[in-house]
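Note sheet for the following structure.
The values are calculated or read from the model by the stated rules, or taken from the named source; none is laboratory data. This structure is a prediction, so every number in the text was calculated from the model and none was measured.
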Amino acid sequence: MNKNLKISDPEEIVRKGLSQMRAAADDITVPEDLSRTIERTVDMELGHRRGRMRLIASLSSVAAAAAVAAVALVVPARPSQPQDTFDTPEEAYAAVMEVFGQIGQNIGKSMSYAGRSIEDVRKSAGDNLKSVFQEAGLENDDDNVDKIKK
């Protein structure tokens with residue numbers, strides 16, 4: 001830029017700067033085949049990308065076909081028929097009753113664990129409420145906790 005520009009006049013700075021840019025743009029020589037060169041480069045790059053996408057699509061379809069074939073070989077064509085495991089209905093009934101007994105025992109254990117947990121939660125909640133009432137300065141905090149527990 002010119003050394004004699006007034007820094008206090010921004011419009012003058014912009015006007016002179018633009019005029020110098022126009023003069024510099026006229027000095028640049030542009031090859032005549034620049035547009036064609038850019039088009040060829042873009043087409044070539046897009047062609048490479050299309051080729052990669054086709055390769056990925058082909059490999060994906062081959063992998064999917066291989067997976068389907070592997071599943072078809074592993075899974076039997078006909079479902080197997082269940083076989084009788086007991087000789088008499090009495091044996092089957094006894095086995096069922098045994099399994100139901102085990103289920104009942106497991107449910108009983110779970111209920112006792114749950115009952116103990118509920119009592120622990122109630123005790124903890126009561127203790128927490130008691131401390132809240134004490135901090136709040138409420139009288140008869142034991143009565144209030146007992147009301148809330150019920």
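Observations
- Residues that are modelled with pLDDT under 85 and β-branched (Val, Ile, Thr) within the stretch 69-105 comprise 71, 74, 75, 85, listed in sequence order.
- For residue 108: the one exception among (1) at pLDDT 85 or above; (2) assigned to a loop (DSSP other than H, G, I, E, B): (2)
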